[in-house]
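No value in this document is a laboratory result; all are computed from the given coordinates. Bear in mind that the values here come from a model prediction, so they are computed numbers and not experimental data. Using ideal geometry, Cβ is built from the backbone for each residue, glycine included, and neighbour counts are taken over all protein chains shown.
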Amino acid sequence: MERVINFNAGPAGLPLPALERAKNELTDIGGSGMSIMEHSHRGKLYEGIHNEAIALLRELLGVGDTHHVLFMQGGASQQFAQVPMNFLTPGKSADYIITGHWSERALEEAPLAVPGAKINVAASTKQDKTFTRIPSQAELELDPNATYVHMTTNNTIYGTQWFHEPEVGKVPLIADMSSDFLWRKHDVSKYAMIYAGAQKNIGPSGVVVVVIRKDLALAGRKDIPVIFRYETFAKNNSLFNTPPTFGIYLVRNVLAWAKDLGGLPALEQRNREKGRILYGAIDAEPDYFRSPVDKAARSLMNVVFRLPNEALEEKFIKEAEKAGMVGLKGHRNVGGIRVSTYNAVSPDDVKTLAAFMKEFSAKNRP
Ligand SMILES: Cc1ncc(COP(=O)(O)O)c(C=O)c1O
């Protein structure tokens, strides 16, 4: 079957060249007569790929000597617990900025991970059970003595995104970037720590990338299990135990593709172009394609909208599928349509969808 256009929210589509490379090397990598999955993680061949993936991330993002780049496991959800476990103690406090479902999940884990810690909501944009905007700086009630500030840079379900970093003074800023990591060149120096599940922009599920300030990694608590300490991964080049070798290999392939494309400046240009096309199609017919999201906060990774009624939404999803476009159903919390336009989705893919939207609305007026 021909490849479909994949608008899934995650696991999401991967760049074809990265998959083709894996296909060509699947049973014999580098003339070794084995798959990468069959190699020891202590062997030269795997180690080369592991280090190449880290070096590519450093190069693409411009990560300085201040931060480690780590590969971890357990999904972004494990980080919700691991961040407070490492940095909080009973009596100490942390600020959480709540902009969607995943920030709420992070908030809920913190007191379970560290009973007795004070977990503050610095701001929440939850209104009428939904989140349609990003808070202004003036809204943030930040504690200058907090141990860290936690934020979610892109809200995968509600389709909003931060386009700036909040001012947090000297307090370390920790960001869940699972759904917009590498959409452009982030200013890493503004973050004490970034974490991202790979399965949206950079690879398959099973790998989590952590970019963490070196002093912070070392400063983590020592009374937690060794496997949960960032220090353990930092001191062992993410090879303390067996890493998800095939996942990291695929991340390497995706990063090499991103570099060939022109790196993050080229990806940012592509992502902005896709946003112009898709939001352009929505704004051309605002009575038909209804965007619930504040225009200034419109995500360039997850574009959400409603049609005039649910029956039309169902028909839209079915007919798009027949036309070779999958993954358009909105998250069950919000319904409607969600178009995830991660890095592997091309401007041409989005043009195809925009043309389909125009045709669909013309044929299906309620
Ligand atoms: C922003 C964000 N954070 C966290 C998660 C949870 O990730 P995982 O399933 O890797 O634990 C997701 C999943 O979609 C997400 O979009």
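General remarks:
- DSSP-defined beta bridges in the chain - what % are antiparallel, rounded to 5: 55
- Gyration tensor verdict on the range 107-169 (Cα atoms; rounded if a/c is under 1.5, prolate if a/b is larger than b/c, oblate otherwise): oblate
- Note on GLU20 and ILE227: the model spin-label points, each 7 Å out from Cα along the C-beta direction, lie 3.9 nm apart.
- Placing a label point 7 Å from the Cα of MET37 along the Cα-to-Cβ direction, the residues of the range 217-257 whose backbone N falls under 16 Å of that point are 243-251.
- For the range 296-366: rounded, prolate or oblate by the Cα gyration tensor [a/c cutoff 1.5]: oblate
- Estimated from helices alone, the mean residue ellipticity of the chain at 222 nm is -12000 deg cm²/dmol (sum of -39500 (n - 2.57) over DSSP H runs with n ≥ 4, per residue).
- Karplus-derived HN-Hα couplings along the range 333-349 (A = 6.51, B = -1.76, C = 1.60, θ = phi - 60°), whole Hz, x at Gly and Pro: 5, 10, x, x, 10, 10, 10, 8, 10, 5, 3, 6, 6, 9, x, 5, 4
- Share antiparallel - DSSP beta bridges, the range 20-136, percent rounded to 5: 25
- Residue of SER179, SER124, SER35 that the Gaussian network model of the chain assigns the largest fluctuation, springs spanning Cα pairs under 10 Å: SER35
- With distances taken between every two different alpha-carbon atoms, the chain has a Kirkwood hydrodynamic radius of 21.4 Å.
- FRET efficiency, 1/(1 + (r/R0)^6) with R0 45 Å, evaluated for LEU239 and THR130 via beta carbons: 0.60
- Remark: the Cα gyration tensor places the range 1-75 in the oblate category, a/c being 1.5 or greater and a/b not exceeding b/c.
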